[in-house]
Amino acid sequence: MRARRIVPTLLLAVGALLAAAGPAAASPQEAGDQVALRALGLYLGPIDGEVGPEARAATEALQKRAGLPVTGVIGTRTRLALGPLGRPLFGTRPIIPGDFGLDVSALQFLLSREGFYHAALDGYFGRHLDAAVRAFQQKAHLTVDGIAGLQTLAAVVARGGAHPAPPHRIYVVQSGDSLTAIAARFGTTMARLAHLNHLQPAQVLLIGRRLEVPARPATVALAASRSDVQNLLDLWAGKLGVSPDLVRALAWMESGYQPNVVSSVGARGVLQVMPSTRAFVEQVLVGHPIPQTLDGDIEVGILYLRHLLGQFEGNTGLALGAWYQGERAVKQFGLYQMTKPFVTDVLALKARM
């Protein structure tokens with residue numbers, strides 16, 4: 001987790017650049033959709049960013065499979081049916097090594113058109129894309145750090161053209177929710193929320209309905225004593241079926257049970273979860289936002305740890321290695337030398353918890 005870096009900058013300025021540049025013939029968003037449709041075995045055409053007959057037919061096939069209205073147009077519900085490669089949209093986050101999703105596919109598409117990227121369009125930010133981003137940054141006289149943050153994305157779209165999405169996310173209506181309460185929770189107004197979702201303010205919300213809500217900036221977790229933190233760690237570990245000793249050891253190694261720690265690379269809270277990891281948990285593992293509170297931060301971290309344990313068939317050492325250096329990297333290369341001491345230390349702590 002510490003090895004990952006993020007640019008703590010809003011990407012809205014990219015949209016201003018694109019508005020001035022005008023629309024492009026080939027859309028990287030559409031290219032990302034084509035990659036997602038191809039991964040589902042529905043699209044066999046070229047990844048060209050153009051909505052042609054083959055792409056529309058593939059979209060209609062997906063909609064039929066998912067029991068959705070067959071329109072041939074990718075809206076919110078169809079995008080969810082695309083799975084992990086169908087989101088997040090390009091321009092809604094900085095893109096860093098280890099990320100995956102539609103925005104990564106879009107970045108690969110743009111850099112391939114400019115002659116910097118020559119590997120597969122697969123939506124994964126691996127070593128080939130890292131090299132391409134660094135080469136582009138060097139050519140564009142930017143800081144060469146391998147992170148597609150504000151300046152890099154602005155330079156890419158200035159050369160190739162793209163249309164970033166507004167920073168919206170999906171919330172699933174729960175029992176007892178109201179439009180007013182949801183608006184307050186996400187720091188917006190009822191009128192804006194109603195407009196985004198084509199609702200009448202007095203309309204009854206159906207449980208399970210998916211609403212678009214404005215992305216909320218990160219908040220600082222509430223202060224808590226060590227015993228409070230430990231109790232919450234044990235509570236969520238029990239709820240989610242993960243060893244409390246392992247969770248305690250990892251939390252102690254990462255933050256010393258301090259809820260308000262924010263690392264130099266953007267990791268937050270007791271378990272030092274990166275924003276991109278939180279997005280993965282919310283968008284892929286559970287399908288809805290999780291409150292940015294002490295409880296929520298712990299829940300997110302343990303959900304991700306449980307996911308890693310499942311991916312490595314209960315092998316705690318490999319799961320911890322994936323926590324530190326990234327899941328894909330462990331599967332491809334095993335544990336890096338810099339990762340092994342971290343794993344050893346956490347396992348030693350676990351034995352004493």
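Structure summary
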| read-out | value |
| --- | --- |
| Meets criteria (at positive phi and in contact with a strand residue (DSSP E or B) (Cβ under 6 Å, 6 or more places away or on another chain)) for G123 | yes |
| Hits in region 107-127 (condition: within 19 Å of L42 (Cβ to Cβ) and either crowded, with 22+ Cβ neighbours inside 10 Å or free of Cβ contacts under 8 Å to residues at least 60 places away in the same chain (or both)) | F109, A120, G123 |
| Region 282-298, subset surrounded by fewer than 20 Cβ atoms within 10 Å (Cβ to Cβ) and β-branched (V, I, T), residue nearest to P94 (Cα to Cα) | V284 |
| Total residues in region 246-273, condition out of contact with any Asp or Glu (no Cβ under 9 Å at 6 or more places or on another chain) and within 24 Å of G314 (Cβ to Cβ) | 5 |
| Restricting region 334-344 to residues that are under 28 Å from the mean Cα position of the chain (by Cα), surrounded by 12 or more Cβ atoms within 10 Å (Cβ to Cβ) and assigned to a helix (DSSP H, G or I), the residue that is modelled with the lowest pLDDT | F342 |
| Residues satisfying the stated conditions in region 34-78, i.e. buried (at least 17 other Cβ atoms within 10 Å of the Cβ), among the small types (G, A, S) and in a helix (DSSP H, G or I) | A36, A39, A55, A58, A61 |
| Of residues in region 250-259 being of a type in the set (G, A, S) and surrounded by fewer than 22 Cβ atoms within 10 Å (Cβ to Cβ), the one modelled with the lowest pLDDT | G256 |
| Candidates A279, A267, filtered to the one that is touching a strand residue (DSSP E or B) at 6+ places or on another chain (Cβ under 8 Å), farther than 18 Å from A351 by Cα and not assigned by TED's automatic domain parsing to the domain that holds G86 | A267 |
| Pick from region 52-87, criterion more than 25 Å from the chain's Cα centre (by Cα) and β-branched (V, I, T), ranking: modelled with the highest pLDDT | V70 |
| Region 293-329, residues that are of a type in the set (D, E, K, R) and under 18 Å from A267 (Cα atoms) | D295, D297, E299, E327 |
| Selection count, region 264-281, where residues are surrounded by fewer than 18 Cβ atoms within 10 Å (Cβ to Cβ) and over 23 Å from V104 (Cβ atoms) | 1 |
| Unique match (being in contact with a Pro (Cβ under 6 Å, 6 or more places away or on another chain) and at pLDDT 85 or above) among V284, V330, V300 | V284 |
| Any hit, region 107-124, residues being within 16 Å of R93 (Cα to Cα) and modelled with pLDDT under 90 | yes |
| Residues satisfying the stated conditions in region 281-293, i.e. free of Cβ contacts under 8 Å to residues at least 40 places away in the same chain and under 15 Å from L308 (Cα atoms) | V281, L285, V286 |
| Residues of region 157-178 that turn out to be surrounded by 15 or more Cβ atoms within 10 Å (Cβ to Cβ) and either at pLDDT 85 or above or under 25 Å from Q283 (Cα atoms) (or both), as a count | 11 |
| Members of region 79-107 found to be in a helix (DSSP H, G or I) and out of contact with any Pro (no Cβ under 9 Å at 6 or more places or on another chain), listed by number | R79, L80, A81, P84, L85, G86, V104 |
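The values are calculated or read from the model by the stated rules, or taken from the named source; none is laboratory data. From a predicted model like this one, the values you see are computed outputs, not experimental measurements. So basically every Cβ, Gly included, is an ideal-geometry build from the backbone, and we count neighbours across all protein chains shown.
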